[in-house]
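Working notes, beginning with the structure itself.
Derivation of every value follows stated rules applied to the coordinates shown; laboratory data play no part. If you're wondering where the values come from, they're calculated on a predicted model, not measured in any experiment. Methodologically, a virtual Cβ is constructed for each residue, glycine included, from the backbone with ideal geometry; neighbour enumeration extends over all protein chains shown.
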Amino acid sequence: MVKRRHFLVSAAAAASQSWAQANDRVRVAIIGVGSRGSAHIKEMPEGANIEVAALVDPDGNRTEAAASEIFKRTGKRPKIDADMRRIFDDKEIDAVTIATTNHWHTLTAIWAMQAGKDVYVEKPVSHNVWEGTKLVEAARKYKRIAAGGTQRRWWGRFRKAIEVVHSGAIGDIYQGNFFFPGSRDSIGFKEHKPVPGWLNWDLWVGPAPMQPYHENLVHYNWHWFWDFGNGELGNNGIHLIDILRWGMKKRLPVSIESSGGRFGYKDQAQTPNTQNVTWTYGDGTMILGQLRGLYTAEPMSWDFFGTKGHMHVMADGRFRVRMDRNKELEPETTYPADENHFQSFANAVRARDPKLLSAEIEETFLSTALCHLGNISQRLGRKLKFDEASMQFPDDAEANRMLTREYRRPYVVPERV
């Protein structure tokens, strides 16, 4: 094992070399090369002067396969490692994209920023509310370019829909709804087994409590276990929450109420497969979310309800608007072009300008926090009040304990970043 280093501010300063004086190429390490990390590799635009220089995953099979794929495409073989800390020591690495399990997102990003790297963090950007505040704090302290992986903010159709909402065309928005159909089957039960030789189990478990290995954790179904994931609300719900919060210009709510459960089968998973959540704001406006984990013919969608009209947004971002009692506006037929989120990230890194990001880390943290608040209400089985100024549930010690977690050393999100 590599001992945990205490990265110094001087390291960040050294890495913040002037792009005008340095090579324009952004050399990236991808941390976690499962389905999302593999997508990062595929989505890095050709000819954008971005080099995938390193791959990190505790699963050695994954890194070998991904490195071979990059070699076929580029003729260059990236470094590979099971331990991200060795890669963070490499001063040739400019930035990292993070596609680990949810419970590693924040600590990975903080360690990277402390080592002078810019970060692109997949959603949800934190495993709990408190560590998300530390993530944003670190980005500000080390003056890092930090983006969240809520990619629809780069899609032209969604940007156009939000432009229409923000123009006041449908009036003041008093309610936003989303629907997500999961259509997931039972994961069954997997027995405890010896850890396979290709997997570094200590690194995979990381900040979570150490526990026996079983195949429902590695590699995808960890989403449905509270130690590692955040259920469907944190997995896909965040994308839908983010669009509504963006359109409604909202931050965090004053009350949260969630209901639902795991229906249709008995299996090893812990998180609900069906969940309804209401987030209410101080002015009485609401965001309502519905996640249905069994089978439905209803597609994913968003709705903005305004004092003058209603916008319905379809899964691909196309939208239609009904005004007043029965007038329907002509549907949009032209939309801005989609942006490539990794190209935008690289442009922001070169320019040292977070304003070039469509999903700056604080925005994705706020959407992530709504997921966590909804899940806390779900797990406690009651409505909760929340105060954004203190980032606490007033007079509710039980709920406040669930805003953070007990970290397993040495994988500890620091109080002082």
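Residue separation of Arg409 and Phe263 scaled by 0.36 nm, minus their Cα-Cα distance, works out to 49.0 nm of gained length. Beyond 17 Å, what percent of the Cα pairs of the range 311-397 remain? Roughly 70 percent, rounded to a whole number.
Ranking of Thr274, Thr63, Thr333 by neighbouring Cβ atoms within 10 Å, starting from the fewest: Thr333, Thr274, Thr63.
Summarised as an ellipsoid, the range 246-311 has semi-axes of 28, 16, 8 Å, derived from the eigenvalues of the Cα gyration tensor scaled by 5 and square-rooted, with the largest first. The distance separating the Cα centre of the range 307-340 from that of the range 186-245 comes to 37 Å. Computed 3J(HN,Hα) for the range 229-243, one whole-Hz value per residue from the Karplus formula 6.51 cos²θ - 1.76 cosθ + 1.60 where θ = phi - 60°, is x, 9, x, 5, 4, x, 7, 10, x, 4, 4, 6, 4, 4, 5, glycine and proline marked x. A straight Cα-to-Cα reach below 16 Å connects Lys355 with the lysines Lys143, residues fewer than 8 places away in its own chain not being considered.
What the phi angles of the range 84-96 give under the Karplus curve with 6.51, -1.76 and 1.60, with θ = phi - 60°, is a coupling list of 4, 5, 5, 5, 5, 6, 7, 6, 7, 8, 8, 8, 10 Hz, glycine and proline written as x.
Wrap a convex hull around the Cα atoms of the range 148-201, take a quarter of its surface area, and give that in square nanometres.
Across all orientations, the range 148-201 yields a mean hull projection of 8.2 nm².
Summing Cβ point charges (Lys, Arg +1; Asp, Glu -1) relative to the Cα centre of the chain gives a dipole of roughly 440 debye.
So, counting K/R as plus one and D/E as minus one, what does the shell of residues with Cβ under 12 Å around Ile70 add up to?
Taking every Cβ under 12 Å from that of Ile70, the sum is +3.
Add +1 for every Lys or Arg and -1 for every Asp or Glu among the other residues with Cβ under 12 Å from the Cβ of Ser183, and state the total. Before the final figure, lay out each step's value.
On the way: positive: Arg184, Arg292; negative: Asp185, Glu232, Glu298.
Taking every other residue near Ser183 into account, the sum is -1.
Stretching the chain fully between Thr296 and Asp227 yields a gain of 21.9 nm (0.36 nm per residue, less the alpha carbon separation).
Using the Cβ of Ala208 as centre and a radius below 15 Å, the other residues enclosed give a net charge of -1, where K and R count +1 and D and E count -1. Taking other C-beta atoms within 10 angstrom as a stand-in for reagent exposure, Val33, Val164 fall in the order Val164, Val33, fewest first.
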